[in-house]
Amino acid sequence: MNKKFVGFEEMSVDDFWEFYRLEYASTNPISQKLYTNFYNKINSIVENFIQPKFKFLEVGCGAAESSLKINKMLSNLDFETHFEASEYDRRFVDKIETLNYPFELLKKPFMI
């Protein structure tokens, strides 16, 4: 990726994708602590509250880094669950579709 920052709207699909994927690879200790806490909390929810046939929706999955991890947490359960992710930015949607990730991708914005 070109080190010169350009606006998000001007970024190519691949540069946009890599920019967001690099966020998760940060070695910044504060970022690492935040991600660790986030995944620990999600794992606690999965282990303590998810029941058979539950559906789990991640709204605004971005580059789907967390989607892959959450889907894996759910797949490790001894019963069937269903995971979906949603994203509205076409660049993320196009890239996720080309990678054939193991979850359903809803391609629309959500109002909560």
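Derivation of every value follows stated rules applied to the coordinates shown; laboratory data play no part. Not measured: the values here are computed from a predicted model. Note: ideal-geometry Cβ built from the backbone for every residue, glycine included; neighbour counts use all protein chains shown.
One table, with the values for the structure above:
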read-out: Estimated vicinal HN-Hα couplings, Hz - segment 91-101 in sequence order (Karplus 6.51, -1.76, 1.60; Gly, Pro = x); value: 5, 5, 4, 4, 5, 4, 5, 6, 8, 6, 5
read-out: Excluding exposed DSSP-loop chymotrypsin sites (Phe, Trp or Tyr not before Pro) (at most 15 other C-beta within 10 Å), longest clean stretch of the chain; value: 6-53
read-out: Loop-located trypsin sites (Lys or Arg not before Pro) in segment 8-112 whose Cβ has at most 13 other Cβ within 10 Å (DSSP); value: Lys53
read-out: Amide H contacts of Glu58 (H built 1.01 Å from N, under 5 Å, at least 5 apart or other chain); value: Glu84, Ala85, Ser86
read-out: Debye, to nearest 20: dipole size of segment 39-87, +1 on Lys, Arg Cβ, -1 on Asp, Glu Cβ; value: 80
read-out: Net charge over other residues, Cβ less than 15 angstrom from the Cβ of Lys55 (K, R count +1; D, E count -1); value: -3
read-out: Within the chain, helix-based [θ] at 222 nm, where runs of 4 or more DSSP H residues each add -39,500 (n - 2.57), nearest 500; value: -15500 deg cm²/dmol
read-out: Average projection area in nm² (convex hull over Cα atoms of the chain, one quarter of hull surface); value: 8.2
read-out: Cα centre as origin, Lys/Arg/Asp/Glu Cβ charges: the chain dipole, Debye; value: 240
